[in-house]
Amino acid sequence: MTDRFQEQISGFVDDELSADECEFFVRRLQRDSESRRQLMRYHLIGAALRGELTHSHPDTLRRRLEGALSGVRETPSPPRMRAYVKPALGVAVAAVVAAVAVLALQVVNTSAPGDVDAPDAVLAGERTEPAAYVVPPDTTGRRLVSPPIQLTNYLMRHSEYASHLSRTSVHSNVVATGQPDITEDDADVTP
Amino acid sequence: MQSTERQVAEPGVKPRAGSGASDLALIKRVQQGDRSAFDLLVVKYQHKILNLIMRYVRDPSEALDVAQEAFLKAYRAAPAFRGDSAFYTWLYRIAINTAKNYLVAARRRPANVDVDFQDSEQFEAFTKMSDVDTPERLALTEEIGAAVSKAIQELPDELRTAILLREIEGMSYEEIAQTMECPVGTVRSRIFRAREAIEKHLRPLLD
């Protein structure tokens, strides 16, 4: 420890250091036990000169406090903050879950047959619609299926390839053959 | 935090010089969770606070309990300290209130209450307190006072004057420099050398 630094300890005791010097000095004290002991001795000298030493051991109070504080949490947090932490955490978790659910729904609804890159595009963030926390109700009465699939399904049900179980028109009944059924799920399968 | 003001003096004691920057730096560290910084504040003010409390609470061991409680309250309230007043002023108010509350509670307690040691925890706490302040430890305080007095008398005049103006009169370095008609740097050096010389007398007692 240099003389200059020891002189700074003396200056710190007398509160004669600048604010910047104090901050630097306090940070150093945290890891320099010898400087801390010297600081304590300087304070003791001042107390002795001013006649402040009481009948008890000069270090009794500090040692008792050290023991008492060892049972106290390291960082006493402001009491007002604690009341809001749990509810805020709960809301945050709920919001994340809702966002993930909405995102997943939108991925399913916007993907189309043959549009191989649609899911990737969504994941890459190329979607233009902003994410919503609540799925808006479908007021158009339209099925949540893309137009190409609708057309395909119509043709399948009304064309000569419609199965006898899904035929819904006279025309399909007339022109139907024994072709296998094609469902919406099959239309979603990418090649 | 706001800029500091000079510490408000307790009655009968000259105000200490300085900007309060050292206390502010320490309390800021305490607010960041550095308990060792609070330890240094205790070291700085423990004697002053204890003497203050002893004006209200005569019994030394009870005064020690009250002082401990006051510092614990200060530690718990540290996050709320905004720097509107000097740290010592804030601590002084906590100590006064703690001492007054203690006196109010003491008046409510029955006068003749026998200490019942059937509770083993109470007994242990009592014996522990006795162990801390043994006759040897109590004698140490007197030895320290005697060693410091002797060391002061052996100091050269300029060093003795500088340190007494600082510790007893509470003057700032600037004020001491004007009084002794020397530069501030010389004052700083003289006070430091005086402390070094006194510390040499104390080291055998403290090691």
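The values are calculated or read from the model by the stated rules, or taken from the named source; none is laboratory data. Note that the coordinates shown come from a computational prediction; the quantities given were computed from them, not determined experimentally. As a convention, Cβ positions derive from the backbone with ideal geometry for all residues, glycine included, and neighbour counts pool all protein chains shown. These area figures cover heavy atoms from the full protein model, side chains too; ligands, DNA and RNA do not enter into them. Shrake-Rupley method; radii C 1.70, N 1.55, O 1.52, S 1.80 Å.
Given the structure, is residue A:70 open to solvent by less than 10 Å² (accessible area, probe 1.4 Å), more than 7 Å from chain B (Cβ to nearest Cβ) and of a type in the set (Ser, Thr, Tyr)? Here the answer is no, as residue A:70 does not meet what is asked.
Residues of the range B:12-24 that are modelled with pLDDT of 90 or more and open to solvent by less than 10 Å² (accessible area, probe 1.4 Å): B:22, B:23.
Return the only residue of B:100, B:44 being modelled with pLDDT of 90 or more and either at the interface with another protein chain (Cβ under 9 Å from one of its Cβ atoms) or within 17 Å of the chain's Cα centre (by Cα) (or both).
Going through B:100, B:44 in turn, just one is modelled with pLDDT of 90 or more and either at the interface with another protein chain (Cβ under 9 Å from one of its Cβ atoms) or within 17 Å of the chain's Cα centre (by Cα) (or both): B:44.
Which ones in the range A:14-58 are more than 8 Å from chain B (Cβ to nearest Cβ), in a helix (DSSP H, G or I) and either touching a residue at least 40 places away in the same chain (Cβ under 8 Å) or open to solvent by less than 60 Å² (accessible area, probe 1.4 Å) (or both)? Result: A:35, single match. Counting only residues that are more than 11 Å from chain A (Cβ to nearest Cβ) and farther than 23 Å from residue A:17 by Cβ, which one in the range B:159-207 is farthest from the chain's Cα centre (by Cα)? So, considering only residues that are more than 11 Å from chain A (Cβ to nearest Cβ) and farther than 23 Å from residue A:17 by Cβ, the one farthest from the chain's Cα centre (by Cα) is B:181. May I ask you to verify whether residue B:86 is within 12 Å of another protein chain (Cβ to nearest Cβ), open to solvent by 30 Å² or more (accessible area, probe 1.4 Å) and modelled with pLDDT under 95? So residue B:86 does not fit the description; no.
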